[in-house]
1. Under 14 Å Cα to Cα from Lys60, which aspartates and glutamates show up? Leave out anything in the same chain fewer than 8 places away.
2. For the pair Val37/Lys50, report the inter-label distance in nm, with labels modelled 7 Å from Cα in the Cβ direction.
3. Stretch Trp67-His29 to full length: gain in nm at 0.36 nm per residue minus the Cα-Cα span?
4. Per 0.36 nm of contour for each residue apart, how much would the distance between Met116 and Trp149 grow if the chain were fully extended, relative to their Cα-Cα spacing?
Amino acid sequence: MKKIILMLFSAVFLNSAFAQEEPYLLNAHYIEVEGDVGAFIKANNEFYKKMAQLAVEDGKWEGWQMWQSYTNQNQFIFFHHFKNPKQFEDWNWDWTSDKNIKKARVERPDESAFKMIGGSMEVYQMISTALSGTDSEYFIMNEYKAPNWINFIENNKLWGELYVTPQLEKNPGLNWGFGMT
């Protein structure tokens, strides 16, 4: 099933995404946490974020983001950024191997206080953005189905150009984009 995603992303990743001719891909996976959500966040900030930074330095991906739902605090989306399809295809999921843990000088976290329940995993391609040049403090994500994908894409490009772009000076931190699976 195809979905269109309306995303607000940080300018850092989106600027690099559109400076290239090849498709910029985002691998999104959903996680629901049972138990201590604070311990889950701490484990991600102290271990997984550092491992993700190492993966970026090693060229395994372009970036990593962890988003927490504001309305359902135990739900998270993780985005793995890939600069092109080749980088995505070469990905082997070894970013938390013992070798990489030693290289990053971190210890695997105690995950006994929480349980992660994996949800869907989808790959999105960035299509269009309008950026204010400043980071956003929040993101809004909408998923859509469309009977005519070409019209939907063209309408969203126009929306970005005609409505969002004129709002950027008045609303610092407003960043808009959309992509598709």
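1. Glu89, Asp90, Asp94
2. Output for this residue pair reads 2.6 nm.
3. Extra length from Trp67 to His29 when fully extended: 12.6 nm.
4. 8.5 nm
None of the figures in this text is laboratory data; all of them are computed from the coordinates on show. Being a predicted model, the structure only gives us computed values, none of them experimental. Here Cβ is always computed from backbone atoms with ideal geometry, including for glycine, and neighbour counts include all displayed protein chains.
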